[in-house]
Structures are given as C-alpha cells and as structure tokens.
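Report on the following structure.
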Amino acid sequence: MKKSVIAAAIAAASLSPVAVMAQSAAPAASAAAAAPTVGAKVYAPDGSEVGTVEAVQSGVVTVNTGTARAGLPAASFAMREKGLTIGMNKADLEAAVNGAKAESSAELATAFVADKPIKSSDGVVLGAVSKVEGDDVFVNLSNGSVAQLKKSYFGLGADKSLTLGMTATAFNSQLQASAGGQPGADAQAAPSATAAAGEAPSGQ
C-alpha cells in the first residue's frame, strides 16, 4: 500500500467553524429575514459588531469574529437597520464557540478507534482508521492507500463520525498531488458545518 502524507493541505481542517445552537443566535422574530453573503458584517442586537461572514454553504453561514469561527444556520440572521444581525454579541458568540469546543474535545478524544469511518466535510466516506500512534492517525483509504494525519485535523460530525474539514473532491485532489510529488499546501479546506462541537470541525 502506498503511504501518502498530505498534512499541509489538511491542516486547515482544524479551522472548521463550530456549530452554535441556533436558538441562542436567533434574532428577534420581528426582524426581517436576511440572505447572508460573503464579506457582509454581522451585528449584535445592540448594534455592536460581531464579525464578518466568511462563507455560506449548504444553509450554514460561517461567521469569523477575528478569534473564533462559528457555523450558524441562515435562519439565525435577520436584516436590521445596521445590517445582518444575530441574537448574540461578539463575547457571547465566542463564549459559545469555546464552550462547544471543550465539550467536543472530550468526545473526540475517545473517537479514534480502529475501523472508525473517516468522512469528508460533505459526508463522503474516505476510509477508516487503521491505527493510532500518539497524535498520528493512520487511515486506510478507499483507494487502497494509507494517509497519515494528525488528530487535530479531525472534528466530530453530527452522526459522531470522524470528519475532516475538507470536501472529498479536495481531499482526493491532494492525494493525487501527493502521489505525484507535488506540494499540497495550496488546498483550501472547505468549512465543515457539522464537524464541530456545538451540535456535534470542525471540528476543531
């Protein structure tokens, strides 16, 4: 079996946004519905700035506060006078993210067991855990090769599966680049809406 190490490309999986409870972030019902777009500023009910929309994918909006990344359902946003608004201020959102991460970390620590399926951020099974040595996870991939990854690259999916913050297409592209001796650092890990800790990055 051919061993592929594609750590540089998958390292971004640790940046998967944390899913935050929708009811906590939801704006007042009286506010107008909104359609979040990448680059838009996000505000709290008091008008203070929370962060910026970093990505919108499959109904999940990633908000970057500068120190945390949270995945929120699109329904959590409303359009008010100042702009896109959620029902939390920056401090509350960051606290929710940090609390969710801590809760997820405990579950994640026990998830690395032999034959545990590994999924991409878009739900495709990439392979299964072969063995774990310290912080290294060896994965038997569906194509017959073995990938050596770091535990920090994984998050827990909504179904408690081990999930990478990278789509199956991006992952397979990196496998091919690695097999051909090409650098894989240019790959971008797609935000994983479920690979994270609130509802479950995932994820890290």
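Throughout, read-outs are computed from the coordinates displayed, never taken from laboratory work. Just so we're clear, the structure is a prediction, and the values are computed from it rather than from any experiment. FYI the Cβ positions are ideal-geometry reconstructions off the backbone, even for glycines, and counts take in every protein chain you see.
Lys and Arg at +1, Asp and Glu at -1: add these up for the other residues within a Cβ distance under 10 Å of ASN89 and post the number.
-3
Return the long-range amide H neighbours of GLU54 (sequence gap of 5 or more, or a different chain), with a cut-off of under 5 Å between placed amide H atoms.
Counting only residues 5 or more places away or on other chains, the set is GLY39, THR62, VAL63, ASN64.
DSSP beta bridges in the range 26-148, what fraction antiparallel, as a percent rounded to 5?
Percent antiparallel among DSSP bridges in the range 26-148 is about 95.
Once amide H atoms are placed 1.01 Å from N in the peptide plane, what residues at a sequence separation of 5 or more from VAL137, or on another chain, have their amide H within under 5 Å of its amide H?
Answer set, sorted by chain and number: LEU149, LYS150, LYS151.
In the range 76-149, how does Rg compare with the Kirkwood Rh, expressed as the Rg/Rh ratio over alpha carbon atoms?
My calculation of the ratio gives 1.21.
Which ³J(HN,Hα) values in Hz, rounded to whole numbers, follow from the phi angles of the range 82-94 under the Karplus curve 6.51 cos²θ - 1.76 cosθ + 1.60, where θ = phi - 60° and Gly and Pro get x?
7, x, 4, 9, 10, x, 9, 8, 4, 4, 5, 5, 5
For SER105 paired with PHE138, estimate the spin-label separation in nm (one decimal), with each label point 7 Å from Cα along the Cα-to-Cβ line.
About 2.8 nm separates the two model spin labels.
Sort out for me the Cα centre separation of the range 91-126 from the range 58-76, rounded to whole Å.
16 Å
Can you list the lysines whose alpha carbon is less than 18 Å from that of LYS90, not counting same-chain residues fewer than 8 positions off?
LYS41, LYS82, LYS101
Each residue of the range 53-69 in turn: what ³J(HN,Hα) in whole Hz from Karplus with 6.51, -1.76, 1.60 and θ = phi - 60°, glycine and Pro shown as x?
Result, ordered by residue: 5, 9, 7, 10, 8, 6, x, 10, 10, 8, 10, 9, 8, x, 10, 8, 10 Hz.
Work out the FRET efficiency for GLN148 and SER48 from their Cβ-Cβ distance, taking R0 = 35 Å, and round it to the nearest 0.05.
That pair, GLN148 with SER48, gives E of 0.20.
With each pseudo-label sitting 7 Å past Cα toward Cβ, what's the THR37-ASP115 distance in nm, one decimal?
Computed distance between label sites THR37 and ASP115 equals 5.1 nm.
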